[in-house]
Amino acid sequence: MTHQPLPIQRGFGETLRRDLWWVSPLIVFLSFSAFLVYGTWAAFQNAYYTYGPYLSPFYSPEIWGDSHWALLGPKPGWWPTYVPFSPALLILPIPGLFRFTCYYYRGAYYKGFWADPANCAVGEARKVYRGEKPMPNALQNLHRYSMYLVLVVMAFLAYDAWEAFWWLDMGGNVHFGAGLGTVIMWANLVLLSGYTFGCHSVRHIVGGFKDRLSGQPIRAACYSGCSRLNAKHGSWARWSMFSVGFTDIYIRLCAMGYITDWRIF
Amino acid sequence: MDASSALPTENTREQTFRLWRGERDEGEFQDFKATVTDGMVVLDVVLQIQAEQANDLACRWNCKAGKCGSCSAEVNGKPKLMCMTRLDQLPANEPVTVEPMRAFPHVKDLVTDVSWNFEQKMKVAKFQPRAPDAPDGTWRMQQADVDRVQEFRKCIECFLCQDVCHVLRDHHKHDEFIGPRFITYVAALEMHPLDTADRIPALKEEHGVGFCNITKCCTEVCPEHIQITDNAIIPLKERVVDQFYDPVGKLVKIFSRRSTNT
């Protein structure tokens, strides 16, 4: 703009807003930080991640590991001794990248962690801004790839939720049943599904990339369903993040003997 | 009019309005006391102050019905249409601040020069319909296919979304970023079932869609409740990914021999 000067940029946090504009970024900062700290700690534990028919979502799918869930058996012998091992460390980068590059989370952590801006119509600390145009920020476009991978992980989580119905008794027989953990795992699956299938990238690949959906009823129905979920994408994102952490905590506390799983039938 | 009708009623009170006064880059807030009632909107009070206390107060307005997009300003620090901001939505015991939009050059008092926006509109490739479907030169399309872009046509060009966007407001990227209003305009054209133009390369480079970091502030302030971020900006970012960052998807499309626009 050359014809007239623009208003002077306001300083960090400067605003005439009267509401508690700092509350929502603070909640984002505290809740995301708590999840990151707990998730990192839990991922490095490499213990107490199964109980009965339950497998923690942080550790699913278990590629290598010590539980009977491991797809390829125990930790391979070639694993370097100086590299810490945990089945969670092999799988968490996929949902981690998916959430890190998610459009909802990007908007939330740019405010809560980066204060760019701290909130709408609030002055910023930085004078320089490059957005998501250049590298490395352009890597946010990896969201499409992490979405493809997360769909595979979702299939495993659905299998885990189904397996949570099948209990092994003392005699070695398998029985259909459910505990509170089963309910928690299904609630987690529903919340994760709402988040994943309402993802902007999923919405795009099922129909958003087309300008005409008439004459394609299945595609139109999928697009419509994704759009309905997408309208509350932020809520699905927050609740599913909570449910993943809570499911891990529940299974961990059961496995450690601090609580007893309530057997419903 | 009966003289008693002019007397203060239960809901009538005196309130302070702190209006920005000045020209170009110089100015300051000036306090005015006004007698108000709950049913009034901010524009009512500004016009009352203009009529009774400050005849030279500059204020742009037109329809007073939230449809012309002229009376955009910042009320208590938030971009709003003055004509759609009722006083009963604001704290009654505090002064109400009214200042001009901060993303555009200041002209006088509450008026800014928004002409930059119209320059941006000129940069966007125009509607290019496919060949007519019928011999009489007309087209056929399904309502379901135009529903998606009709949301964007609700825009009244109040430019509140441009004002609140930190890329323009705080970082002054006016030469590199066309802003949420015109990304929505691109979406309205790009997603139109009859349109054949490809605006995605320009959107990525000249229009600077990558500057948007999805704070959703534009959606928050839109008086027409257009889902600017979710339905316009992000779907277009996804189309940029289609063309520039997703070789897997591109291969699939090549092998399935399908066009993205059909």
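Excluding ligands, DNA and RNA, the accessible surface per residue across the protein assembly as shown is 47 Å² with a 1.4 Å probe. Charging the Cβ of each Asp and Glu at -1 and of each Lys and Arg at +1, and nothing else, the dipole of region B:1-119 about its Cα centre rounds to 340 debye.
Measuring heavy-atom accessible area with a 1.4 angstrom probe and counting protein chains only, the residues of region A:77-126 that give up at least 20 Å² relative to the chain alone are A:103, A:107, A:110, A:111, A:117, A:120, A:121, A:124. Highest average first, the peptides B:71-81, B:243-253, B:144-154, A:236-246 ordered by how many other beta carbon atoms sit within 10 Å of their residues are B:71-81, A:236-246, B:144-154, B:243-253. Beta bridges per DSSP, both residues in region B:3-112: antiparallel share near 90 percent.
A compact globular protein would have a Cα radius of gyration near 2.2 N^0.38 Å; the ratio found for the protein assembly as shown is 1.16.
For region A:23-256, relative contact order (Cα pairs under 8 Å, six or more residues apart, normalised by length) works out to 25 percent. Rounded to the nearest 20 debye, the dipole size of the protein assembly as shown about its Cα centre is 1280 debye, using +1 on the Cβ of Lys and Arg and -1 on the Cβ of Asp and Glu. How much of the calculated P(r) for chain B lies past 27 Å, in percent of all Cα pairs? For chain B, the fraction of Cα-Cα distances above 27 Å is 48 percent.
In the protein assembly as shown, taking the dipole from charged Cβ atoms about the Cα centre, the farthest positive-side position among B:221, A:151, B:43 is held by A:151.
The phi torsions of region B:109-122, fed into the Karplus equation with coefficients 6.51, -1.76 and 1.60 and a -60° offset, translate into couplings of 6, 9, 9, 10, 8, 9, 5, 3, 4, 6, 5, 5, 4, 5 Hz, rounded to whole numbers, with Gly and Pro shown as x. Sequentially through region B:202-216, phi angles give Karplus couplings (6.51, -1.76, 1.60; θ = phi - 60°) of 5, 4, 6, 8, 5, 7, x, 4, x, 6, 5, 10, 6, 7, 6 Hz, Gly and Pro residues having no value and appearing as x.
A straight Cα-to-Cα reach below 13 Å connects residue B:126 with the aspartates and glutamates B:190, B:195, B:198, residues fewer than 8 places away in its own chain not being considered. The calculated 222 nm mean residue ellipticity attributable to helices in chain A amounts to -15500 deg cm²/dmol, summing -39500 (n - 2.57) over DSSP H runs of n ≥ 4 and dividing by all residues. Only Lys, Arg, Asp and Glu carry charge here, each on its Cβ (+1 for the first two, -1 for the last two); on that basis chain A has a dipole of about 1160 debye about its Cα centre.
Put the Cα centre of region A:189-206 next to the Cα centre of region A:233-258 and the gap is 19 Å. Helical runs assigned H by DSSP (4 residues or longer) give chain B a calculated mean residue ellipticity at 222 nm of -8000 deg cm²/dmol, each run adding -39500 (n - 2.57) before division by the residue total. Projecting the Cα atoms of A:33, A:241, A:131 onto the charge dipole of chain A, computed from C-beta unit charges around the Cα centre, puts A:131 farthest toward the positive end.
Each residue of region B:228-236 was assigned a 3J(HN,Hα) from its phi angle through the Karplus expression (A = 6.51, B = -1.76, C = 1.60, θ = phi - 60°), giving 4, 6, 6, 9, 10, 5, 5, x, 6 Hz with x at Gly and Pro. Region B:29-73 and region B:195-262 have Cα centres spaced 39 Å apart.
A Förster radius of 22 Å, combined with the Cβ-Cβ distance separating residue B:68 from residue B:125, puts the computed FRET efficiency at roughly 0.25.
If you take the charge dipole of region B:3-112 about its Cα centre, with +1 on Lys and Arg Cβ and -1 on Asp and Glu Cβ, which of B:72, B:17, B:110 is farthest toward its positive end? With unit charges placed on the Cβ atoms, the residue in question is B:72.
In percent, rounded to a whole number, the relative contact order of chain B is 15, using alpha-carbon pairs under 8 Å and six or more apart. Over region A:117-264, what is the relative contact order in whole percent, taking alpha-carbon pairs under 8 Å and six or more residues apart? For region A:117-264, the relative contact order is 23 percent. With a 1.4 Å probe on protein heavy atoms only, work out how much accessible surface A and B bury together, total over both chains, in Å² to the nearest 100. For chain A against chain B, roughly 5300 Å² becomes buried. Annotation: amide H of residue B:108 within the under-5 Å range of B:24, sequence separation 5 or more or interchain, hydrogens built in the peptide plane.
Sorting B:121, A:111, B:67 by solvent-accessible area of protein heavy atoms yields B:67, B:121, A:111, largest first, with a 1.4 Å probe. Three principal axis extents describe the C-alpha atoms of chain A; from largest down they are 84, 52, 42 Å. Ignoring lysines fewer than eight residues from residue A:111 along the same chain, the ones with Cα atoms less than 22 angstrom from its Cα are A:127, A:133, A:232, B:78, B:80, B:173, B:216, B:237. The H on the amide N of residue B:21, modeled in the peptide plane, is under 5 Å from the matching H of B:28, B:29, B:30, each at least 5 residues off or on a different chain.
Taking every residue in A:141-149 and counting other chain Cβ atoms within 10 Å of its Cβ, the average works out to 3.
The values are calculated or read from the model by the stated rules, or taken from the named source; none is laboratory data. Quantities reported herein were computed from a predicted structural model and do not represent experimental measurements. So basically every Cβ, Gly included, is an ideal-geometry build from the backbone, and we count neighbours across all protein chains shown. For the accessible areas, the whole protein counts, side chains as well, though only heavy atoms, and no ligand, DNA or RNA atoms are used. Shrake-Rupley method; radii C 1.70, N 1.55, O 1.52, S 1.80 Å.
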